[in-house]
Each structure stands twice: as C-alpha cells, then as structure tokens.
Amino acid sequence: MRQIVLLAITLFIIQGCGSNSNDFTIEGKYDNAEEKEISLIELKTEGTNKIDSMKIDDDGSFSLSGYTEIPSFFVVEAGEGNSLTLIVKPGERIRLSGDLNDLNSTYKIKGSEDSEKIVELRKRLENTIAELDSLGNIFRENPDDESTQDLRDRLNKESREIVNEHKEYTKEFIDDNMNSLASLMALYQQIGPQSYVLDPKEDFEYFEKVDSSLMESYPNSDPVQSLHSQVTDMKNRQDDQQTASGNISIGEKAPDIALPTPEGDTVSLHSLRGEYVLLDFWAAWCKPCRVENPKLVEAYKKYKDKGFEIYQVSLDRERKDWEDAIEKDKLEWINVSDLKFWNSSAAQKYNIQSIPANYLLNEEGEIIEKDLRGDALDQKLNEIFN
C-alpha cells in the first residue's frame, strides 16, 4: 500500500512539473540583432495582445513562449515594420533564423508546417506583384506615344494573364490546405489596396468551402468565427440581391444615377439618353481598374464622335486620389462620385460587389451587355457602330 501511495505522489509531481501540452515556444537566432527587443503578439479580430518579449542576447539568440488551445495567429515583432506572421499550434516548438535587418527576405521557419505555408503564399504574391509592377513601369515610360498602342494591348493582356494565373494558384492552394488557417489568409490576398485576388462574389464557393472546413475543425477560433459571420452575411446579401435587384440585368432599363463631378456639377445617367453609354464602376486604388482604363481611353477616342459616352462612377474615399487618377489616366469623359467608398449610393443601387464592373447601355438606356473588359468592349462597339 505504501508503495502505491509513493508511486501516485511521484506521478503527480512529474506531471505537475512537466510542460502543458498547449504551451509553445518560438526561439531562434538572428544575425544583426544584438541587444534589440523582440516581442510575441497574438492577433485577434478585435485587436492584439502582447504575450511575451525580451531583449535579444549578444549572440542573436532569443526564446519566446506562449499558450494556445487551438491553432492561432501570432506575430513575432522586432521593431516597427519588421514582423512575421505565424500560425502556431498547441505544443509546437518553432525555430526562426535570418537577418534582422532584412527579415522578410531572409527569414526561415522550422517546426511549424502552417507557418511555412504562409511563407509560400507570401512569396508567390510578392512575385506576382513584382511582375505587374514591371508591366506598369513599361506603360508609364510610354504614356502618350500612339505607336505604342500594340505595346499597351500586349501589357493589358499580360497583366490579366498574370492575375488569372495567381488566382488559379490561390484556388489550388486553398484546395490543398482546406483545414489550415493558411487558407484563411489566402482568401484575403490583395494585389493592391482593396484589390483582392479572389472576388467574394465570383469566387464565393471558396469562401464557403474554407468557412465550412474551418468551422468544423476550429469553431472556437476568433478569425474563423469572423469568416463565418462574413460568409453568412454574404449569403444573406446574395439572397437580398436576387429579390431586390432583378431589374439590374441585360434587357432591362438601367436605374438612374445622379452624382457630382469633380467640379461639383451633378450629372445624371438618364441625361445621356440618345447615346450608347458605358456605365463603369472603378476606383483610384483598384489596380485592375487602372489597368483597364487605357482600353477605355482607346475606345472613347475611337467612338465618342459616333455617339458613345462613358459615365464613370468612382468608389474612392479621398477626392485628391480620385482627381489625381483622372488626370494621370487621362479620363476625359463624365466622372462622378459621392466619395463614399463601398457605401456609394450608385454601388448599392447596382449591387456592386467588386470592381472593375460595367454596363453597356443602348440609346434608350437599356442594358445590352455587362462586364466588357479588355478587347471585348472594342469588339462590341465596333459591332454597334460599324
């Protein structure tokens, strides 16, 4: 009996002194990091929570620890603008290395499969953005030369191919990592400010798939609950749109819009009856919109004297950004905006969920085509006027 009691006490002491299976550590060694402070921060939907911090040792080594019951997002921060996002699971021991002076380009991760997936996702996005920026630089070097029209057409085509290729990669990534929080990050990748790779309307099935998978696995996760709330809201909005916006379709009259121009004059869409009108929704912050603008400029020059007009509605918030983009992109048609972002009265009336988006109206104000992009607009106008 005495031996049994002693064994029980021994086991209790061993278990009590051992580490909790939900504890985790993040340690490593950075170059050029002596005496700098490093922090561990938990990311929450409603904000952040500092978990641990320390001054990095003279040899660049550090060790941070925390506790989590489910896979969660954490940030290792070593100064403003110098941080890494990790997906940490209970009990993981993660090791980081790299140069603290250039952390985002040099860091390596071991011991966290989900965090390694974030690295893959980030690097692929950076490559895509770099490719688009290189095309943009070529266009900016040849803005006015009419002989470069073929070049602009090629750049527009190449940019669409790059974006589409990245979208397909993102979908494959999600399909392969459906049960990882990394798929949540993939849903919200941005090529530019408010310019998302996946469109909540067009690619809604992927939002649903990720929501369904993660809610089943991690129903108590803060970001997963946030996604579930957004997906539920999107479903409700889709149902409302089907009920309330049946008139926004080909063959029906386009609802009127009356918004101010940069000069302050209010111009209505219905005032353009008698002309073929492209109603175009865009914004200065939307990279795909800016890529489309040269095609609109080309079409406008070609057909404006034949009875073609453009009524372009901006979803910008800042007047300066809107006006600067109009001047830079040489948008010489009717530009209007109430500067209310996605709450624009026009965007809500037409249920605009993503941009660029457009409607082609005939002389009677009826919608005859939707979402004409690239060469499709010129082909349709050529069919109409020639």
Here, the chain modelled as identical Cα point scatterers in vacuum has Debye log10 I(q)/I(0) at q = 0.07, 0.10, 0.13 Å⁻¹ of -0.45, -0.80, -1.14
Length gained, residue 341-residue 176, 0.36 nm per residue minus C-alpha separation, equals 56.0 nm
Tilt, helix 149-176 to longest principal axis of the chain (alpha-carbon atoms), in degrees rounded to tens, equals 40
Listed by chain and number, the lysines with an alpha carbon less than 17 angstrom from that of residue 209, same-chain partners under 8 positions apart left out, are 167, 171, 201, 235
For segment 323-386 (alpha-carbon point model, no solvent) the Debye-based log₁₀ I(q)/I(0) at q = 0.19 Å⁻¹ works out to -1.01
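Taking N as the number of residues in segment 189-341, what is its alpha-carbon radius of gyration divided by 2.2 N^0.38 Å?
Values: Rg = 19.0 Å, N = 153, 2.2 N^0.38 = 14.9 Å.
Its radius of gyration relative to the 2.2 N^0.38 Å reference: 1.28.
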Inter-part gap, Cα centre of segment 193-209 to Cα centre of segment 298-353, in whole angstrom, is 23
Counting only DSSP loop positions in segment 142-235, the chymotrypsin sites (Phe, Trp or Tyr not before Pro) whose Cβ has at most 15 other Cβ atoms within 10 Å are 188
For the chain, the longest principal axis of the Cα atoms and the Cα long axis of helix 2-17 enclose an angle in degrees, to the nearest 10, of 40
Residues meeting the amide H criterion for residue 273 (H placed from the backbone, H to H distance under 5 Å, 5 or more places apart or on another chain) are none
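Considering only the chain, what is the antiparallel percent among its DSSP beta bridges, to the nearest 5? Intermediate values should be presented prior to the final figure.
Details: 42 of 59 bridges.
Given both bridge residues lie in the chain, the antiparallel proportion sits at roughly 70 percent.
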If one compares the long axis through the Cα atoms of helix 204-217 with the longest principal axis of the Cα atoms of the chain, the angle in degrees, nearest 10, works out at 20
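Pull up the DSSP beta bridges for segment 247-386 and report the antiparallel fraction as a percent, rounded to 5.
Values: 12 of 22 bridges.
Given both bridge residues lie in segment 247-386, the antiparallel proportion sits at roughly 55 percent.
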Any lysines whose Cα falls less than 26 Å from that of residue 304, other than same-chain ones fewer than 8 residues away, would be 157, 253, 287, 295, 328, 330, 370, 380
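Provide 317, 373, 290, 95 ordered by accessible surface of protein heavy atoms (probe 1.4 Å), highest first. Please report the intermediate quantities before stating the final value.
On the way: 317 135, 373 90, 290 65, 95 115 Å².
Heavy-atom accessible area, descending, gives 317, 95, 373, 290.
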Accessible-area order for 106, 261, 266, largest to smallest, probe 1.4 angstrom, reads 266, 106, 261
Loop-resident GluC sites (Glu not before Pro) in segment 292-349 with no more than 13 other Cβ atoms inside 10 Å, DSSP not H/G/I/E/B, are 318, 332
A chain fully extended from residue 258 to residue 330 at 0.36 nm per residue, minus the present Cα-Cα distance, gains in nm 23.7 nm
Filtered hits (lysines, Cα-Cα < 20 Å from residue 36, offset >= 8 within chain) -> 50, 55, 108
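The values are calculated or read from the model by the stated rules, or taken from the named source; none is laboratory data. From a predicted model like this one, the values you see are computed outputs, not experimental measurements. All Cβ positions, even for glycine, are placed from backbone atoms using ideal geometry, and neighbour counts span all protein chains on display. Protein only, heavy atoms only, side chains kept; ligands, DNA and RNA dropped before computing areas. Shrake-Rupley method; radii C 1.70, N 1.55, O 1.52, S 1.80 Å.
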